[in-house]
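The values are calculated or read from the model by the stated rules, or taken from the named source; none is laboratory data. Just so it is clear, the model here is predicted, and its values are computed rather than measured. Don't worry about glycine lacking a Cβ; one is built from the backbone with ideal geometry, like all the others, and counts go over all protein chains shown.
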Amino acid sequence: MQSKKWVFMFLGCLLSLPLLLMAANFIVDPFAVFGNMTWYSFSETLNPRVAKTTYLKEHWQEYDSYLVGCSSTSSYPVDALNEYLDASFYNTISYGVDMKDAEETVRWLLDNCTVRNIVLNVYVDNGVTYDTGQDQLTLKLHGEVSGENPVSFYGGYLLADPNYILDKLKDKAADTELSQTFDVFDEETGAYDKRARDVENIGDLDRYYEAYPVFTDYPVYPARMGEIERTMESVAAIRDMCEAADVDLYVVCAPVYGEYLNTFTDEDLAAFYTALAQVTDYWDFTYSSVSWEPRYFYDATHFRNAVGDMALAKMFGDDSIYIPEDFGAYVTAENAADHVKTLTNRIGGLDDSGYTCEVPVLMYHHIAEEGDGGVTISAACFEEQVAALHEAGYTAVSLEDLYAYVEEGQDLPEKPILITFDDGYESNYEIAFPILEQYGMQAVIFTIGVSVGKDTYKDTGAAITPHFSYEEAREMAESGVVSIQSHTYDMHQSAQLDEAPARTSAVPLEGESEADYMAAFLSDMERSMAEIQAGVGEPVTALAYPNGDYTTLSQALCAELGLKATFTTEARTNVLIKGLPQCLYGLGRYNVEEISGEELLALIQR
């Protein structure tokens with residue numbers, strides 16, 4: 001009798017385990033199927049097809065336009081589209097979307113959301129795969145989109161592997177401001193969270209190859225397009241649905257890295273892009289000079305947001321940003337035959353001479369009648385160095401010149417150089433300013449906000465090297481010779497004079513929480529920027545990090561503040577790239593000491 005009791009208890013436990021699993025999956029909801037404990041960035045990383053549908057069921061009123069396509073679709077920034085079309089875009093991108101997925105997604109959007117515009121990204125891979133019918137929990141469409149039986153759909157997620165539950169709880173505890181491998185999406189836009197990628201210093205090609213070795217030995221996997229016909233049938237269905245719903249449809253073909261494009265035959269490429277033109281007009285950015293520049297890409301099939309900005313600017317006639325001359329074409333049935341020739345006459349190779357420029361940056365501090373063998377150099381030495389630069393044909397450029405080169409494609413002089421000063425010493429005004437003016441040179445001075453106009457350190461009474469005032473700063477700025485920028489307000493503290501822990505740089509203090517650091521950095525920089533704007537009359541667009549120290553988060557926060565350039569103390573010449581604003585982050589500088597003009601020229605030319 002006792003043994004029978006234990007058998008029933010054992011069987012009861014076995015039967016209860018599935019119920020417990022179902023309850024846990026329902027409550028923790030790792031895939032955001034049921035709308036519980038929502039952390040959409042995590043769930044979208046597991047399966048964007050499902051989680052984004054759940055998100056839109058809750059938030060569809062916030063959007064009126066949608067991007068649809070595979071993961072390369074993420075690189076068309078929604079902010080730009082919102083501005084061009086006066087719209088509110090959401091990016092529905094998912095991994096490996098084929099055109100059958102896109103057709104079903106568009107149908108669901110039109111049936112369940114308010115839709116004014118659809119931007120459909122047709123990628124070259126769409127000719128290879130179609131209706132692959134992935135049934136894995138991490139790849140399937142939401143049941144409402146695919147028409148799957150609700151019992152089958154929801155039951156699969158109720159019985160999902162409990163490791164997904166554990167991962168969600170564990171990863172939530174490890175979550176940070178910037179994306180990690182478990183939360184790669186921006187919930188509000190639906191796009192990848194590329195804040196970290198968008199502030200990478202990516203100018204030097206050798207350094208870029210170290211960071212992205214895929215481009216040094218690019219894999220080639222021959223591919224054949226066996227699904228052109230069915231893909232075009234789905235594009236036609238999307239076209240017809242949008243026409244019936246009075247929705248504007250924009251079809252765009254994403255940029256493709258040149259080596260990857262070489263995996264396809266000329267015959268397949270011609271057939272694919274010709275067939276697409278028979279279905280609909282489209283913008284094609286597949287192949288251009290951009291295709292052979294690895295720094296415009298960050299892996300096999302994904303391009304940077306800045307390239308997406310170029311594409312959208314081309315589509316909507318915005319000539320305020322740099323667009324390569326051969327980038328993008330509007331393709332119709334009438335010109336398709338001529339257009340596809342550009343895809344099948346691929347020359348290849350990299351010649352970056354037309355869109356990159358090397359710019360050395362000099363870093364000075366204090367100028368005195370006599371140098372001290374360190375960061376203080378003599379007035380005579382400084383003048384000798386400036387004269388040597390002038391005689392060697394160097395042109396001292398401004399920050400605005402750098403911005404115009406990168407953002408608008410305006411060329412720089414043949415031998416550009418940027419002269420900078422850190423801290424904001426009185427000697428910059430009294431000695432350096434007149435010398436710069438005499439030789440027709442320009443400079444940027446990064447001021448420590450708390451020290452402007454002071455000759456003592458804060459409220460300690462301790463004497464410091466005098467710093468110029470805002471009145472003097474305004475005089476220099478109004479002359480056009482000097483730009484006043486930020487060296488933080490008070491993140492260049494003294495380890496000896498400030499209370500411990502002194503914040504001697506713009507990186508987190510030991511043991512400081514991410515939230516506290518962010519609050520401190522943003523508060524400090526907002527004060528610095530506001531005081532310079534008020535005192536000098538010009539906006540702050542650049543920051544020189546105290547002691548050159550920074551983190552990826554500090555770079556991302558600078559971008560959030562609208563800063564266009566940041567400077568370190570790493571001794572190297574910078575490579576600027578037209579169309580890639582992130583090349584202006586983490587710029588290197590040569591620390592200039594008491595050396596001759598000839599030695600300075602050798603330093604920057606090495």
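Taken together, the residues in region 105-134 that are polar (S, T, N, Q), surrounded by 21 or more Cβ atoms within 10 Å (Cβ to Cβ) and assigned to a helix (DSSP H, G or I) amount to 2. Residues of region 53-68 include at least one that is in the same structural domain as Gly35 (by TED's automatic domain parsing), touching a Gly at 6+ places or on another chain (Cβ under 8 Å) and within 28 Å of Gly258 (Cα to Cα).
Once region 359-414 is narrowed to residues that are touching a strand residue (DSSP E or B) at 6+ places or on another chain (Cβ under 7 Å) and among the polar types (S, T, N, Q), the residue that is nearest to Arg606 (Cα to Cα) is Thr395. Could you please find all residues in region 460-485 being β-branched (Val, Ile, Thr) and touching a Leu at 6+ places or on another chain (Cβ under 6 Å)? Thr460, Val481 - these are the residues of region 460-485 that are β-branched (Val, Ile, Thr) and touching a Leu at 6+ places or on another chain (Cβ under 6 Å).
Could you tell me whether Ala32 is touching a residue at least 12 places away in the same chain (Cβ under 8 Å), touching a helix residue (DSSP H, G or I) at 6+ places or on another chain (Cβ under 8 Å) and on the phi > 0 side of the Ramachandran plot?
Taking the combined requirement at face value, the residue satisfies it.
Residues that are under 27 Å from Asp193 (Cβ atoms): list the helices (runs of 4 or more DSSP H) wholly contained in region 497-606 that include at least 1 such residues. In region 497-606, 514-536, 552-560 are the helices (runs of 4 or more DSSP H) which contain 1 or more residues that are under 27 Å from Asp193 (Cβ atoms).
For region 534-548, the criterion of a residue being modelled with pLDDT of 95 or more and among the acidic types (Asp, Glu) is satisfied by no position. For region 256-295, a residue qualifies if it is under 28 Å from Asp352 (Cα atoms), of a type in the set (Asp, Glu) and assigned to a helix (DSSP H, G or I), and the qualifying residues are Glu259, Asp266. For region 249-296, how many residues meet the condition of being within 21 Å of the chain's Cα centre (by Cα), modelled with pLDDT of 95 or more and of a type in the set (Phe, Trp, Tyr)? The number of residues fulfilling the criteria is 2. Criterion applied to Asp401, Asp423 was being touching a Phe, Trp or Tyr at 6+ places or on another chain (Cβ under 9 Å) and in contact (Cβ under 8 Å) with a residue 12 or more places away in the chain, and the one residue passing it is Asp423.
Inside region 505-535, can you point out the residues that are over 28 Å from the mean Cα position of the chain (by Cα) and not small (Gly, Ala, Ser)? Selection gives Glu531 alone. Just one of the listed residues (Thr456, Thr488, Thr541, Thr504) is assigned by TED's automatic domain parsing to the domain that holds Asp401, out of contact with any Leu (no Cβ under 9 Å at 6 or more places or on another chain) and buried (at least 16 other Cβ atoms within 10 Å of the Cβ), and it is Thr504. In this structure, is Asp101 among the acidic types (Asp, Glu), closer than 24 Å to Gly328 by Cβ and either assigned by TED's automatic domain parsing to the domain that holds Asp29 or surrounded by 19 or more Cβ atoms within 10 Å (Cβ to Cβ) (or both)? No: the conditions fail for Asp101. Here Thr231 fulfils each of the conditions (1) under 24 Å from the mean Cα position of the chain (by Cα); (2) touching a residue at least 24 places away in the same chain (Cβ under 8 Å) apart from (1).
Of all residues assigned to region 160-182, at least one qualifies as being among the small types (Gly, Ala, Ser), under 30 Å from Tyr517 (Cβ atoms) and touching an Asp or Glu at 6+ places or on another chain (Cβ under 6 Å).
So, in region 320-339, of the ones that are in a strand (DSSP E or B) and not hydroxyl-bearing (Ser, Thr, Tyr), which residue ends up farthest from Thr216 (Cα to Cα)? Spell out how you get there, then give the answer.
Looking only at region 320-339, we keep the residues that are in a strand (DSSP E or B), and these are 329-331.
Those still in the list that are not hydroxyl-bearing (Ser, Thr, Tyr) too: 329, 331.
Working: Ala329: 29, Val331: 33 Å.
Result: Val331.
Taking interchain pairs and intrachain pairs at least six residues apart, which have beta carbon atoms under 6 angstrom, with the first residue in region 105-118 and in the same structural domain as Lys52 (by TED's automatic domain parsing) and the second of a type in the set (D, E, K, R)? Cβ pairs passing all conditions: Thr114/Asp64; Arg116/Asp64; Asn117/Asp248.
Search region 15-67 for residues being among the charged types (D, E, K, R) and farther than 22 Å from Gln180 by Cα, and hand back the single one that is surrounded by the most Cβ atoms within 10 Å (Cβ to Cβ).
Out of the qualifying residues, it is Asp64.
Of the residues Val444, Val406, which single one is aliphatic (A, V, I, L, M), more than 22 Å from Arg503 (Cβ to Cβ) and not in a strand (DSSP E or B)?
Among Val444, Val406, only Val406 is aliphatic (A, V, I, L, M), more than 22 Å from Arg503 (Cβ to Cβ) and not in a strand (DSSP E or B).
Got a number for residues in region 68-91 being touching a Lys or Arg at 6+ places or on another chain (Cβ under 7 Å) and over 14 Å from Val122 (Cα atoms)? Full working, then the answer.
Within region 68-91, the first condition is being touching a Lys or Arg at 6+ places or on another chain (Cβ under 7 Å), and the residues that meet it are 75, 87.
After this cut, where a residue has to be over 14 Å from Val122 (Cα atoms) as well, the list is 87.
Number of matching residues: 1.
Within region 347-367, residues that are touching a residue at least 24 places away in the same chain (Cβ under 8 Å) and loosely packed, with under 12 Cβ neighbours inside 10 Å have Cβ atoms under 7 Å from residues that are in a strand (DSSP E or B) and charged (D, E, K, R) in no pair, counting only partners at least 6 apart in sequence or on another chain. One residue stands out in region 142-173 among those that are over 15 Å from Phe31 (Cα atoms) and among the hydrophobic types (A, V, I, L, M, F, W, C): the one that is surrounded by the fewest Cβ atoms within 10 Å (Cβ to Cβ), namely Ala173. Of all residues in region 90-104, those being aromatic (Phe, Trp, Tyr) and at pLDDT 95 or above number 1. The residue that is nearest to Met363 (Cα to Cα), counting only those in region 519-575 that are in contact with a Gly (Cβ under 8 Å, 6 or more places away or on another chain) and among the basic types (Lys, Arg), is Arg572.
A residue that is within 31 Å of the chain's Cα centre (by Cα) and surrounded by 20 or more Cβ atoms within 10 Å (Cβ to Cβ) cannot be found anywhere in region 371-393.
Looking at Ala432, Ala462, Ala477 in this structure, which one is surrounded by fewer than 22 Cβ atoms within 10 Å (Cβ to Cβ), touching a residue at least 12 places away in the same chain (Cβ under 8 Å) and touching a helix residue (DSSP H, G or I) at 6+ places or on another chain (Cβ under 8 Å)? If you could, list the steps in order and put the result at the bottom.
Details: Ala432 fails: surrounded by fewer than 22 Cβ atoms within 10 Å (Cβ to Cβ); Ala462 fails: touching a helix residue (DSSP H, G or I) at 6+ places or on another chain (Cβ under 8 Å).
Only one candidate passes the filter, namely Ala477.
Here region 404-421 is the region considered, the condition is being of a type in the set (Asp, Glu) and out of contact with any Pro (no Cβ under 8 Å at 6 or more places or on another chain), and the residue that is surrounded by the fewest Cβ atoms within 10 Å (Cβ to Cβ) is Glu414.
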